[in-house]
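Asks: Here's a structure for you.
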């Protein structure tokens, strides 16, 4: 009788391992953290965009790539100490780059 329980317990442990290990690998591969899903770069950009646009000299905020990885780009008329202090180099795990673009102007119609 005890032999029967040993085999049943071993089978349950094996089944549990077969089910949970691939699930954990899938979560890691998709960039899911233990506390929950990581926000997309678009969501993070949207969350901070208005705050950065209120900084004098910031002309726009966008998303780009650097070394084939996504980055948030903050476009400025001129790189100043104030802008460098207020715009972080990284936010919520995404790099943030300040790029001098000059002033933005609307094109005439």
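Every read-out reported here was derived from the displayed coordinates using simple, explicitly stated rules and does not represent laboratory data. In this text the structure is predicted, and so the values were computed from the model without any measurement. All Cβ positions, even for glycine, are placed from backbone atoms using ideal geometry, and neighbour counts span all protein chains on display.
Asks: Can you name every residue in segment 66-78 that is in contact (Cβ under 8 Å) with a residue 12 or more places away in the chain and more than 16 Å from residue 53 (Cβ to Cβ)? Spell out how you get there, then give the answer.
Replies: Of the residues in segment 66-78, the ones in contact (Cβ under 8 Å) with a residue 12 or more places away in the chain are 66, 69-78.
Matches in segment 66-78: 66, 69, 70, 71.
Asks: Tell me which residues, restricted to segment 54-74, are over 16 Å from residue 42 (Cβ atoms) and surrounded by fewer than 18 Cβ atoms within 10 Å (Cβ to Cβ).
Replies: Step one: filter segment 54-74 for residues over 16 Å from residue 42 (Cβ atoms), giving 54-59, 66-68.
Within segment 54-74, 54, 55, 56, 57, 59, 66, 67, 68 meet the criteria.
Asks: Applying the selection to segment 33-50, what residues are surrounded by 11 or more Cβ atoms within 10 Å (Cβ to Cβ) and closer than 23 Å to residue 106 by Cβ?
Replies: Answer for segment 33-50, where residues must be surrounded by 11 or more Cβ atoms within 10 Å (Cβ to Cβ) and closer than 23 Å to residue 106 by Cβ: 45, 46, 49.
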